[in-house]
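One structure below.
The values are calculated or read from the model by the stated rules, or taken from the named source; none is laboratory data. The model shown is predicted, which means the values in this text are computed figures rather than measured ones. Quick reminder, even Gly has a Cβ in these numbers, built from the backbone with ideal geometry, and neighbours come from all protein chains shown. Quick note on the areas: whole protein, heavy atoms, side chains included, nothing else; ligands and nucleic acids left out. Shrake-Rupley method; radii C 1.70, N 1.55, O 1.52, S 1.80 Å.
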Amino acid sequence: MGVSRRTFLAWSGLLGGAALVAPSLGLSGGGLVETAAEAAGEEGKEAAYYTACARNCGSKCILKAYVKDGVITRMGSDDAVADDPNNPQLRMCLRGWSYRKRVYAPDRLKYPMKRVGKRGEGKFERISWDEAFDLYAQWLKEVKAQFGPGAIYCMDGSGSIDLALHSTWRQLGPRFFRMYGGGTEQTLSYSSGARTVATPYTLGNLANSSAPTFRQTKLMLMWGWNPAENGMGTNTAYFLRQAKERGCKVYVIDPRFTDTAASYADVWVPLKPGTDVAMMSAMAWVIINEKLQDQGFVEKYTEGWQEWFDYITGKEDGQPKTPEWAEPITGVQANLIRQMAREYAAVKPAALVMGLGPQRTAYGEQVARCGPSLAALTGNIGILGGYHALMNWMMAFPSDGMKTLPMPGKPTAALPCNQWPDLFLKGKSGGYPVDIHMAVATGANYLNQGGNLNKAITALQNEGLKYFVVHEQFMTPTAKFADLLLPINSLFERMDIAHANGAAVFMPQIIPSLYESKSDWEIMTQVARRLGFEQEWTGGKTEEAWLKELAATSKLIPDWETFKKQQIVRLDLATPIVAFKEQVQDGKPFPTPSGKIEISSKRIKEANNPKMPAVPKYIADWESPGDPLAQKYPLQFIAPHSKQRVHSAFHNVPWVREVEPHALWINPVDAASRGIQNDDTIRIFNDRGEVHIIAWVTERIMPGVVALTEGAWYDPEEPGKPGSIDRAGCANVLTSDRPTPFAGATSQHTCLVQVARR
Amino acid sequence: MKELPLILFTVLSQAAVGLVAIPTVLESLLGTEKVAALQPALRNVGRLVFPLALASLAASLWHLGAPLGAYRAVSNFGSSWLAREIILMGLFTACAAAYSHLWQWRPENQPARRTVGLVAAVVGLLAVFATGMVYQLPSRPDWSHWSNLMAGFVTALLIGGMAVSCAVARHAGAPVEARRYLGYIVLAAAAALVLGLAFYGPYLTGVSGTTTALLFGNSWFWLRLLVGVGLPVWVAAPLVKGEQPGPVLVRIALVAVVAGELVGRTLFYTSVLSQLPLF
Amino acid sequence: MANKQLGFFINVERCIGCHACEVACKDKNDLEVGPRWRRVRIVEGGAYPKPFAYSISMACNHCKDPICVKVCPVGAYTKREDGLVIHDQSRCIGCRYCTFACPYAAPQFDESKGKAGKCSGCHDLVDKGQEPICVQACILRALEFGPLEELQQKHPGAVQSLPVLPDPKVTDPSVRLQPRPEVNSRPARIVDGHRTRQV
């Protein structure tokens, strides 16, 4: 950056904001906290502070920021302890290293703004904070008085997550609206909706094991799990490397030859998206047919196994789920399925580890229950080095038991987050419990990140939605639809506590709030004041008082002043956490109605949903190669995560953009038949939309499948117009918003497209 | 185009060297009487040397990201061919200034001119050699071939030879020997060029298929050979017989040879640099 | 011999191509878009369903016989006693010759500055007893830095070059790489940021 104090002052002065005396300084109890370099705030001297990255990637890492004259000069890594393979430093990824370009990004929102053009055109005028707070409060009052609190939709995204105070995710918004009398809240997440509902029917809960346990694993099936490109918990990739170096054999099952496959796989098993359960069933058939199962485990710890066996062997429906049956469905050779099944049954401990991708499909509930059933079949649950096939985004870490911000009251209604466009458009007439007339987005770029973006545009532009307030740091595609757009500060500009993966971290306010930005907490405090519940909202406490109070509930954090100085307190990572160890080793019941692993679930049977069988079954997806739609749109489209972004966060950071191109992965066979060469600009389209982006012709993806990483910021040719061509490669222009049949969760990876040269 | 400054610098500087070397050679070979007859023609060429050298120097500075520090090049004269090139080109420009000055203001002072011309030609040819050596890099085998080392001299002789032929064609009474010498020079340069490429082609194929494709697969390359080398040879054929080809044709050939050299140099740079970084 | 030659150890077997080292380097050296003093290049080959890919994170190799030192017209490059090759940007005139000459493309032209620049081994940190920032950043602990002899002793299987890399005889690079089996397979292309080069 190289911003001197002088130019920085001139810069903030020019923009009309007295940034260096922003009220956030006063609120957080005064200035910078002195740590190692006892030079805080002193002109010309450099100080360094630790803080933590609070993003929704699956990891939580320690950051270090060097500051001079109120400006971050460079980043550092976790160097507070020596690096040790058992308790490694909590090092951050490329995005962590790019933070300066994000904090000082030219597209940071600088002051509150009010919409002047059509909603979605992105035309705004600057207003004062007082005007913004008044308008915000007035709108809330109006909508609540006219339609009741349920008409206010709380769109709380994961832009800021797992922080004691400033978490937008499931914290600030819900707390605010509940205090105001209700609001319609979101449940589940775009990431994990299907498994969050379905897996507990089998296992009882979503307990996880820790990554170091994999060092005892002898065979791993990494199934739709991509820890080399997704965090999955700080150091997970490193512990997996340690496992490899101890001789663990690895299968990677994924339509793409991901960096995980490239780095860890002994065998790559490409399979068609949405056919995971077919392959798992075939593996189960091999194991059962060859009597390789851990029958003792199955009988002792599982419920309803016989029913599942009947499905697998074909006793139930006349179709044995043989590898030969699965081969045309999955695209995986029967012999390879057989080999994997035999190895998985023979080698112990073996870990079937699943990512969340396979459950973001039409019948995501099935795979979320089938994996754990397969793990039970081989007796790999509750043992060190085994794994219960939880579909996960983050391995387990020891906890200090710190409490979170109290959340009094209840919402008026709560619905799966992914259903908002349909809810906004249909409301009660569509069978929803409420009509939505106002929405408030905090840390949420939901226009960009939900399925069927063009439908989301019509939802945001529908006349019933009177007001849309967006709290944001940048001019995101969602922010462009705001009626009132409020600039939010970054994690370096406010005080907080984070739980990095294996440590509690005090996050001092490192730099003043830039421009006129404020924290969500401050904004809500001001609006609550105008609505008459400021006292309840703040509890009469300053931000620091809250943090101090919460920190006192931690088993780990010492007294407040020591913690502020010390900044990091750590937990031992080497002590293995094995999910369901008490159940398997100490005989405690599983947290299910039967006390066992419910391969067949009575509760599901009672729900009597034809698309939700009591035992996990393979059901062909709606948009899949067998669908008549495949004539028109023959390619299966998946939208995996990119290491360059956390969902849509960091898309605007040039340092991460330049490391790899954003492009559609397409197999040379599919490219050649369309006359497409590498780096050609192509059209990707279906009935929902059209995207123009470059092609990445690669042997690293299976034929018939194309992939475009999610999170690129929608860039329409015609802003604000549904159906416009997107030039940024925003995957959700193409994906669907159709919910899964049981959980009502997102099914974004179930999607067919056609690709052509432009 | 990114490499335009380098293309202009090398071609212009080599042209300037040719424009001083060839008249100096002619003046040294021909007797006083014949030199006098040739003088009006050579004067037009001699006055051009300095502006050309100056333009090439400007192009070389244009190529630099921080041109004000160019003087520091003296510091690594001991090991860097680029430093040697910069210094020699600087010296040559100074000599060129003196040479053009003599032609402009003291056209009658033939001995002084011949001495200055000799010094300028020697310095200039050394500079051309230095330019060639700059591209003899162990890490860039695609460039490191003797034909590329020779290319700068070929450029100097081709452009210089054609420029002097052009001037000679405009002044009746030029001695036959002058035409003959010019014809030999141009033919020798063209032959060297073709011979160099004949050896470079197979060498390059052995080193880098990509560079081979980028160079020999480019239609500009063949057009340059046809026009930029063919036309001068067409003109040189009557010259060696002592005959005078039509002045218009000679002028066209001069334009062709300059354009040909610019194209050739462009291909020289882009065929390799467009691939960088190789790793 | 006053000091032992310092150098990097790159564990190609461990590297997952995450680019953390690359961005850490950009932050430490305050680089705009364009120059990437440490670059993670991805070597791809094979054919579906058996493709391969591996990443090589490489910066300056602080060669024993550094060609940049030799060819720089203004002597902006110096080789320190500990073997680190340092580029003095204040002397650089932006002739780009070093960017032509280095087999590893370690020096890169920075359009925003009009000068070349390259990895200096974070000599400021090294002088304070710290590791270069890329080594501190590596989440797979695939990068190491230290006296080359010690690195070689610690990793007996490490080699000075790989088939896909330039001939090490040109500059005698002070680098050791832990290979993986795929390095002996014929690569199809090298992905370098937004550039793809067929080989």
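Taking 20 °C and 1.002 mPa s as the conditions, I'd like the Stokes-Einstein D for the protein assembly as shown in µm²/s, using the Kirkwood hydrodynamic radius from alpha carbon pairs.
Estimated via Stokes-Einstein, D reaches 63 µm²/s.
Show me the trypsin sites (Lys or Arg not before Pro) within the range C:14-73 that DSSP assigns to loop and that have at most 14 other Cβ atoms within 10 Å of their Cβ.
none
Just add up the charged neighbours of A:LEU547: K/R +1, D/E -1, any other residue whose Cβ is under 10 Å from the Cβ of A:LEU547.
Neighbourhood net charge equals -1.
Taking only C-alpha pairs under 8 Å that are 6+ residues apart, what is the relative contact order of chain A in percent?
On the way: 1838 pairs, mean separation 153.7, N = 758.
Taking the mean separation of contacting Cα pairs over the length of chain A, I get 20 percent.
Assign one of three labels to chain B, namely rounded, prolate or oblate, based on the Cα gyration tensor with a ≥ b ≥ c the square roots of its eigenvalues; rounded applies when a/c is under 1.5, prolate when it is not and a/b is larger than b/c, and oblate otherwise. Don't skip to the end; give the middle numbers.
Details: a/c = 2.24, a/b = 1.32, b/c = 1.69.
Oblate.
From the Cα gyration tensor of the range A:91-242, with a ≥ b ≥ c the square roots of its eigenvalues, which class applies: rounded if a/c is under 1.5, or else prolate if a/b is larger than b/c, or else oblate? Let's see the in-between values first.
Values: a/c = 3.05, a/b = 1.66, b/c = 1.83.
Oblate.
Accessible area drop of at least 50 Å² (1.4 Å probe, protein heavy atoms): which residues of the range A:59-100 qualify, relative to the chain alone?
Correct list: A:ARG74, A:ARG91, A:LEU94, A:TRP97.
Quick check: the distance between the Cα centres of the range A:591-653 and the range A:676-748, to the nearest angstrom?
Here the answer is 19 Å between Cα centres.
Out of the DSSP beta bridges found with both residues in the protein assembly as shown, what percent are antiparallel (nearest 5)?
Within the protein assembly as shown, antiparallel bridges account for around 60 percent of the total.
Keeping every protein chain present and rolling a 1.4 Å probe, give me the accessible area per residue for chain A in Å².
32
Could you work out what % of the accessible surface of the protein assembly as shown is carbon and sulfur, using a 1.4 angstrom probe and leaving DNA, RNA and ligands out of the count?
Carbon and sulfur atoms account for 57 percent of the accessible area of the protein assembly as shown.
For B:ALA58 and B:VAL122, what is the calculated FRET efficiency with R₀ set at 25 Å and r taken between the beta-carbons, to the nearest 0.05?
The calculated FRET efficiency here is 0.60.
In debye to the nearest 20, how big a dipole does the range A:111-259 give about its Cα centre with +1 on each Lys and Arg Cβ and -1 on each Asp and Glu Cβ?
For this selection, approximately 420 debye.
Rounded to the nearest 100 Å², what is the buried accessible area between C and B, both sides summed, probe 1.4 Å? Numbers along the way, then the final one.
On the way: alone 10200 and 12650 Å², together 20170 Å².
For C against B, buried area totals roughly 2700 Å².
Output the pairs from A:LYS141/A:LYS426; A:LYS564/C:LYS154; A:LYS249/A:LYS643 with a Cα-Cα distance over 32 Å in this structure; if there are none, say none.
Correct reply: A:LYS564/C:LYS154.
What value does the range A:159-226 have for Rg/Rh, both radii from Cα atoms and Rh as Kirkwood defines it?
Reported Rg/Rh (Cα atoms, Kirkwood Rh): 1.10.
Give me the dipole magnitude in Debye, nearest 20, for the range B:3-148 about the Cα centre, with unit charges on the beta carbon: positive for Lys and Arg, negative for Asp and Glu.
Dipole size: approximately 240 debye.
So how do A:625-636, B:49-60 stack up, highest first, on mean other-Cβ count within 10 Å?
My ranking of the peptides, most packed first, is B:49-60, A:625-636.
Counting every Cα pair in the range A:251-410, what percent are over 21 Å apart?
That fraction is 49 percent.
Chain pair A, C: how much accessible area is buried, both chains summed, with a 1.4 Å probe, in Å² to 100?
Looking at A and C, the buried total is near 3900 Å².
With 22 Å as the limit, write out which pairs from A:LYS64/A:LYS565; C:LYS79/C:LYS118; A:LYS315/A:LYS605 have Cα-Cα distances beyond it, or answer none.
The answer is none of them.
Rg(Cα) of the range A:447-501 divided by 2.2 N^0.38 Å?
Ratio of Rg to 2.2 N^0.38 Å for the range A:447-501: 1.45.
Do any residues of the range A:652-669 lose at least 30 Å² of accessible area when the full set of protein chains is present rather than just their chain alone, and if so which, with a 1.4 Å probe?
In the range A:652-669, residues shielded by partner chains: A:TRP655, A:GLU658, A:VAL659, A:GLU660, A:PRO661.
Give me the net charge for the shell around C:ASP127: Cβ to Cβ below 14 angstrom, other residues only, Lys and Arg +1, Asp and Glu -1. Provide the component values of the computation, followed by the final result.
Working: positive: C:ARG80, C:LYS128; negative: C:GLU81, C:ASP82, C:ASP124, C:GLU131.
So the surrounding residues net to -2.
Separation between the B:ALA172 and A:ALA630 pseudo-spin-labels, each 7 Å from Cα along Cα→Cβ, expressed in nm?
Between B:ALA172 and A:ALA630, the label points sit 8.9 nm apart.
To the nearest 10 square angstrom, how much accessible area does A:GLU125 have with a 1.4 angstrom probe?
Surface accessible to solvent at A:GLU125 totals approximately 80 Å².
Take the Cβ-Cβ distance between A:LYS348 and C:VAL159 as r, set R0 to 56 Å, and report the resulting FRET efficiency rounded to the nearest 0.05.
Numbers: r = 37 Å, r/R0 = 0.66.
With R0 = 56 Å, the Cβ-Cβ based efficiency is 0.95.
Which of the aspartates and glutamates could a cross-linker span from A:LYS555 if the Cα-Cα distance has to be under 16 Å and same-chain partners fewer than 8 positions apart are dropped?
A:ASP400, A:ASP572
Roughly how many Å² is the accessible area per residue of chain C, as a whole number, for a 1.4 Å probe? Can you show the working numbers first?
Details: 6860 Å² over 199 residues.
Result: 34 Å² of accessible area for each residue.
Before rounding to the nearest 500, sum -39500 (n - 2.57) across all DSSP H runs of length at least 4 in the protein assembly as shown and divide by the residue total; then give [θ] at 222 nm in deg cm²/dmol.
So the helix-based figure for the protein assembly as shown works out to -11500 deg cm²/dmol.
Which GluC sites (Glu not before Pro) in the range B:83-191 sit in a loop by DSSP (not H, G, I, E or B) and have at most 15 other Cβ atoms within 10 Å of their own Cβ?
Loop-located and lightly packed - B:GLU108.
Once you've got the Cα coordinates, tell me which of C:LYS26/C:LYS115; A:LYS101/C:LYS28; A:LYS632/C:LYS50; A:LYS45/A:LYS101 are over 20 Å apart.
A:LYS632/C:LYS50; A:LYS45/A:LYS101
Quick one: Cα centre-to-centre distance for the range B:79-158 and the range A:367-381, in angstrom?
79
List the trypsin sites (Lys or Arg not before Pro) within the range A:243-351 that fall in a DSSP loop (any state other than H, G, I, E or B) and whose Cβ has at most 14 other Cβ atoms within 10 Å.
Details: sites: A:LYS244, A:ARG246, A:LYS249, A:ARG256, A:LYS291, A:LYS300, A:LYS315, A:LYS321, A:ARG338, A:ARG342; in loops: A:ARG246, A:LYS291, A:LYS315, A:LYS321.
In loop regions of the range A:243-351 (DSSP not H, G, I, E or B), the sparsely surrounded trypsin sites (Lys or Arg not before Pro) are A:ARG246, A:LYS291, A:LYS315.
For the range A:323-475, state what percent of all Cα-Cα pairs lands in each successive 10 Å bin, counting from 0 Å until the bin that includes the largest distance.
9, 23, 24, 21, 18, 5, 0
Compare A:GLU472, A:GLU316 by solvent-accessible area with a 1.4 Å probe and give them largest first, with all protein chains kept in place.
Ranked from most to least accessible, the order is A:GLU316, A:GLU472.
Classify the range A:330-411 from the C-alpha gyration tensor, please: rounded if a/c falls under 1.5, else prolate or oblate depending on whether a/b exceeds b/c. If you can, show how the numbers build up before the last one.
Details: a/c = 3.33, a/b = 1.72, b/c = 1.94.
Cα axes put the range A:330-411 in the oblate bin.
List the residues whose amide H sits under 5 Å from the amide H of A:ALA439, counting only those 5 or more places along or on another chain, with H placed 1.01 Å from N in the peptide plane.
A:TYR153, A:TYR467, A:PHE468, A:VAL469
List the pair-distance distribution P(r) of the range C:69-130, using every Cα-Cα distance, as the percent of pairs falling in each 10 Å bin from 0 up to the bin containing the longest distance, rounded to whole percents.
In whole percents, the pair-distance histogram is 22, 54, 22, 2.
Would you tally the net charge around C:TYR104, using a Cβ to Cβ cut-off of less than 10 Å, leaving C:TYR104 out, and scoring K and R as +1, D and E as -1?
Here the charged neighbours net out to +2.
Rank A:GLU536, C:GLU81 by accessible area, highest first, at a 1.4 Å probe radius?
Putting A:GLU536, C:GLU81 in descending order of accessible area: C:GLU81, A:GLU536.
So what's Rg/Rh here for the range B:143-279, counting alpha carbon atoms and using the Kirkwood radius for Rh?
Checking Rg against Rh, the ratio lands at 1.05.
Give the accessible surface of the range B:166-279 per residue, rounded to a whole number of Å², with probe radius 1.4 Å and ligands, DNA and RNA excluded.
Working: 5060 Å² over 114 residues.
Accessible surface, normalised per residue, equals 44 Å².
Using a 1.4 Å probe on protein heavy atoms, which residues of the range A:688-724 have at least 50 Å² less accessible area in the complex than alone?
A:TRP696, A:GLU699, A:ARG700
What aspartates and glutamates sit close enough to B:LYS241 to cross-link, taking a C-alpha to C-alpha distance under 19 Å and skipping anything fewer than 8 places away on the same chain?
Correct list for B:LYS241: B:GLU177.
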